[in-house]
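Q: Supplied in C-alpha cells, the structure appears directly below.
The values are calculated or read from the model by the stated rules, or taken from the named source; none is laboratory data. Just so you know, these numbers come straight off a predicted model, no measurement behind them. Using ideal geometry, Cβ is built from the backbone for each residue, glycine included, and neighbour counts are taken over all protein chains shown.
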Amino acid sequence: MLEAAEQIIAERGMPALTLKDVQIAANQSNKSAAKYHFGSREGLIEALVELRMGPVNARRQELLDEMERLGTPPTVRQVVEALVRPLAAETLGRPGSRYARFLVQALFDPALADTIQKHLRAETYRHVHHLLTDLCPLPDEIAAWRTDNIVMLGITTFAAREGTDRTPAQTAAIVTDLVDTCVAVLAAPTSVPTSSTPDTTEQTDPQGVSL
C-alpha cells in the first residue's frame, strides 16, 4: 500500500490520493486495510516518508561519522556528498523508485508540507545543511539560499531521472556530476549587493522537502 500511495502521488498529485484508490492500486481486497494500518491519508503519507527517509538518514549519518573520524575540517565536496548520495541511493539506486517524484509534488502542495517538514528537523539533514551554509563563502543569508537551492536541484534531478533505463555506470556519472554542480553552485560568486543581505547567524531550511 505504501508503494501504491507513492505512485499515485508521484504521478497524479496529492488530490488524487484516497485510501480507496490505494487499496485498489495495491490489489488489497480488505476495504478497511488502509484505515486499519494507517488511520488516515495523512498517516499513510507519514508512514511512506518514514520508510523512505530511514535509509537516507542512516546512510547520511555514516558519512558524517566518516568525516568526523578523519579529524580534519570537512570539505565542501565531502558535505555535498553526504547531502546527495544517500538520496541518490534511495531513488536512482532503487529499482522502481518514485520517491523523488513524490518529493517534487511536496515542493508545491501545502497538503504535504506538515508531514515533510518533520523531516527537515532530522538531525542528519540539519547538520549537513548547517555545514554547507557555513562552508559557502558568501554572506549568511545568501549562503542559506544557495544550500536550499542545491537541495531542490538534487530532488528535481533525481525526479527527472527516475524510471529511465540506465547502466550502473551512467547512474554513477549522473550522481557524480550532480555533486560537481552543487559544489560549483556553492562556490560561485554572487551579484547581489552585500548591503541588501544583512548578515545573520539564524539559518533557515527550504520550505517543503528535505533530502
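Q: If you scan segment 63-98, which residues turn out to be small (Gly, Ala, Ser) and either within 13 Å of the chain's Cα centre (by Cα) or buried (at least 16 other Cβ atoms within 10 Å of the Cβ) (or both)?
A: Of everything in segment 63-98, those that are small (Gly, Ala, Ser) and either within 13 Å of the chain's Cα centre (by Cα) or buried (at least 16 other Cβ atoms within 10 Å of the Cβ) (or both) turn out to be Ala82, Ala88, Ala89, Gly93, Ser97.
Q: Being surrounded by fewer than 18 Cβ atoms within 10 Å (Cβ to Cβ) and under 15 Å from Ala82 (Cα atoms): is that true of Thr176 here?
A: Yes, satisfied.
Q: One residue is enough: does segment 161-183 have a residue meeting the conditions in a helix (DSSP H, G or I) and farther than 23 Å from Arg101 by Cα? Reasoning before the result, please.
A: The initial filter retains those residues of segment 161-183 that are in a helix (DSSP H, G or I), namely 161, 168-183.
Filter once more, keeping what is farther than 23 Å from Arg101 by Cα: 183.
Yes, segment 161-183 has at least one match.
Q: Mind checking whether some residue in segment 81-91 is of a type outside the set (Phe, Trp, Tyr), in a loop (DSSP other than H, G, I, E, B), at pLDDT 75 or above and under 30 Å from Ala169 (Cβ atoms)?
A: Yes: segment 81-91 contains one or more residues that are of a type outside the set (Phe, Trp, Tyr), in a loop (DSSP other than H, G, I, E, B), at pLDDT 75 or above and under 30 Å from Ala169 (Cβ atoms).
Q: As an exercise: evaluate Ile174 against (1) under 22 Å from Pro73 (Cα atoms); (2) among the β-branched types (Val, Ile, Thr); (3) at pLDDT 95 or above and give the number of the one condition it does not meet.
A: Answer for Ile174: the failing condition is (1).
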